[in-house]
Amino acid sequence: MKTSLGLVGLFAALIFVVAAGAQDEPAAAVRSAVPLPARCGADQAADASATGDDLGALERAARSDLALAQARLELVLARKALRLHDLPAAARHAQRALSVLKELPAEIDASVYELQAEGILARAAKAGVDLAAGGQVGPQAPPPATDDYLDRQVRAAAELGRHFAGADSDAIDTRGDAQALRERTLRRQVPDRYGYRPGREIIDVEALLEQDRQRLHYEGALREAYKADEARLLVQADEARLAPVGDVAYPDDWPEKVGKRSRYEGGMIARSESWIDKDGREWYVAIYDIQDLIYVPPDFQPAFSMDLAEAERNAGDRQALRWRSGIFGAYDPADLAAGIPLLRYFGGVDDFAARGPKYSVERQRQIVEMIKAFSTQLTESTIIPLEP
């Protein structure tokens with residue numbers, strides 16, 4: 001019975017030691033390299049019989065743990081102050097954390113906490129907090145210097161940024177300015193157990209994400225815009241299908257359009273200033289648009305006729321052309337070229353599509369001769385023949 005109770009007690013002690021070790025494992029990753037003795041009932045009994053040197057080591061380890069815990073607490077309070085935008089309070093907590101970390105032995109690596117505190121102080125100094133005055137808002141102060149390890153990281157990241165030279169994006173820093181990259185790193189980032197990452201600040205990730213968010217909003221607005229425009233065009237197309245009530249229909253803004261064209265009445269589209277010669281005559285240079293006068297309208301046969309006899313004759317002639325001539329069935333392109341005028345004669349061929357608008361040079365010459373006859377003093381009669 002005594003043996004069973006002893007085994008149970010030993011098993012419970014082992015469970016307590018293993019549980020205590022599991023709880024202390026995450027904290028051991030950032031604590032001192034000096035091993036701390038486990039705290040259990042047996043160790044407390046051993047502490048009572050420990051020598052002076054052992055108690056001194058225990059005291060130093062306990063003070064180191066207390067300093068690290070106090071520094072972590074100050075950094076947590078500093079981050080809470082940053083979240084509340086209270087930069088003076090964040091700077092005070094960061095300064096307290098640095099002062100506590102200075103009391104640690106040299107063999108304890110607390111650079112992670114020091115970098116966090118220095119990053120908070122740099123951000124506060126960038127905002128105008130006077131660090132020398134105990135966290136009071138004052139003139140700008142330079143950010144505190146960090147260790148050589150961060151400087152090496154910044155130089156390597158700046159060299160990497162030069163590789164993006166020629167990029168057309170403002171979100172990528174291609175200058176290779178190590179000092180600017182260092183300040184941006186301390187101001188933006190919250191380091192973890194591995195320290196800062198200056199390479200992340202080469203590219204402004206927040207700017208890229210903001211561009212994507214704005215692009216999404218722009219795409220939605222653009223979709224609504226072209227849908228509304230398509231609906232407007234469809235409505236206008238349906239409106240154009242309405243036939244006018246009379247023979248001629250004028251738009252609602254026809255008087256305004258006529259008023260704007262009144263300055264070009266008579267065909268004059270440009271006129272210089274007038275001058276008077278020695279005989280008292282007024283002279284000026286003018287440009288006239290006479291295209292309406294020299295335009296030759298197309299002359300083609302309609303595709304259909306209201307005369308049944310004519311329509312039947314045209315249909316028979318077309319049928320004969322399809323079956324009896326070489327216009328459609330021959331292999332020589334010249335036959336088709338020779339039959340095109342016949343197709344125009346039988347109707348259905350629009351000369352506008354074939355040749356476009358046509359203007360008569362002969363009519364233009366006749367109009368010029370008429371203008372000369374009216375604008376000059378004739379000593380004898382002049383005859384200007386016109387085409388029939």
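Once the chain from Leu321 to Gln291 is taken as fully extended at 0.36 nm per residue, the excess over their C-alpha distance is 6.9 nm. Stretching Leu336 away from Tyr149 to a fully extended chain increases their span by 58.5 nm, per 0.36 nm per residue minus the current alpha-carbon distance. Treating r as the C-beta distance of Met306 and Asp212 and R0 as 41 Å, the FRET efficiency rounds to 0.05.
Electrostatic bookkeeping for Tyr226 treats Lys and Arg as +1 and Asp and Glu as -1; over the other residues with beta carbon under 12 Å from its beta carbon, the sum is -1. Peptides 117-129, 54-66 ranked from most to least packed give 117-129, 54-66, packing being the mean of other C-beta atoms within 10 angstrom over each peptide's residues. Under the simplified labelling scheme, the Lys80-Lys260 pair shows an inter-label distance of 7.0 nm, with each label point 7 Å from Cα along Cα→Cβ. Compute the distance from the alpha-carbon center of the stretch 92-132 to that of the stretch 58-86, in whole Å. After rounding, the separation between the Cα centres reads 11 Å.
No value in this document is a laboratory result; all are computed from the given coordinates. From a predicted model like this one, the values you see are computed outputs, not experimental measurements. Because the Cβ atoms are built from the backbone with ideal geometry, glycine has one as well, and the counts that use them run over all protein chains shown.
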